[in-house]
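Visitor: One structure coming up, written as structure tokens, with questions to follow.
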Amino acid sequence: MTDLLDHAKIKSAINQIEFNPLIHQSKIVKFCRENNIQLEAWSPLGNGRLLSNGVIEPITDEHQKSPAQVILRWEIQQGFIVLTKTTYPQRMQENAEIFNFTLSLDEMKQIDKLDQEKHSIWYDKIK
Ligand SMILES: NC(=O)c1ccc[n+]([C@@H]2O[C@H](COP(=O)([O-])OP(=O)(O)OC[C@H]3O[C@@H](n4cnc5c(N)ncnc54)[C@H](OP(=O)(O)O)[C@@H]3O)[C@@H](O)[C@H]2O)c1
């Protein structure tokens, strides 16, 4: 990315990285923020693995939102675009309804603690 910024005629505008509560990729996130490059999260729900997480559950009760909505909200509150996937139209609708509530700083920090730098199943396929 440094080479691109130094030499490309057109500056990178966006970087799509694997990002969800289990994998924060802090170094590249910091680099993109410092260089004004928009971040986009792939596997924002950890490929579905995060949906029954014990930390997320009490936060869903507090806001009357689903686990998917809480996780996607945690991501957009950090300025990410989220590239989530579902095969169900009703879940697509649900996943879009994340702009009418706000997670508190304490809730954001609770979810932050889930970081394990753990890749999803996709990672092995694209390596
Ligand atoms: N740039 C790259 O290198 C790269 C690599 C991998 C993937 N990607 C992109 O990222 C996209 C998303 O990756 P991903 O599939 O791992 O995404 P994800 O959004 O983290 O996980 C999708 C899983 O969550 C489930 N899900 C989604 N919304 C839900 C909801 N509201 N309630 C319950 N379950 C829900 C889906 O199941 P159902 O379908 O059954 O709802 C599916 O099993 C892919 O489509 C791909 O385009 C990019």
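Visitor: Mind listing the long-range amide H neighbours of Ile81? Cut-off is under 5 Å, sequence gap 5 or more, other chains count too, H placed in the peptide plane at 1.01 Å from N.
Guide: Leu39, Glu40, Ala41
Visitor: Here is a further query. Where nothing but the Cβ of Lys and Arg (+1) and of Asp and Glu (-1) is charged, how large is the charge dipole of segment 2-116 around its Cα centre, in debye to the nearest 20?
Guide: Its charge dipole is roughly 300 debye.
Visitor: Here's another thing I want to ask about it. Within the chain, what whole-number % of the accessible surface is contributed by carbon and sulfur, with the 1.4 Å probe and all protein chains included in the calculation?
Guide: Using a 1.4 Å probe with all protein chains present, the chain comes out at 52 percent carbon and sulfur.
Visitor: I'd like the antiparallel share, as a percent to the nearest 5, of DSSP beta bridges with both residues in the chain.
Guide: Around 10 percent antiparallel, to the nearest 5.
Visitor: To continue, here is another question. List the lysines whose alpha-carbon lies under 21 Å from that of Lys85, not counting same-chain residues fewer than 8 positions away?
Guide: Lys65, Lys118, Lys125, Lys127
Visitor: Run through all the Cα pairs of segment 2-116 and give the fraction in each 5 Å bin from 0, expressed as whole percent.
Guide: Computed distribution, short to long bins: 2, 11, 22, 23, 18, 11, 7, 4, 2, 0.
Visitor: Now, a different point. In square angstrom, what is the accessible area per residue of the chain with a 1.4 angstrom probe?
Guide: With the other protein chains kept in place, the chain gives 63 Å² per residue.
The values are calculated or read from the model by the stated rules, or taken from the named source; none is laboratory data. Computed from a predicted model, the values in this text were never measured in an experiment. Here Cβ is always computed from backbone atoms with ideal geometry, including for glycine, and neighbour counts include all displayed protein chains. All accessible areas refer to the heavy atoms of the entire protein, side chains included, with ligands and DNA or RNA removed. Shrake-Rupley method; radii C 1.70, N 1.55, O 1.52, S 1.80 Å.
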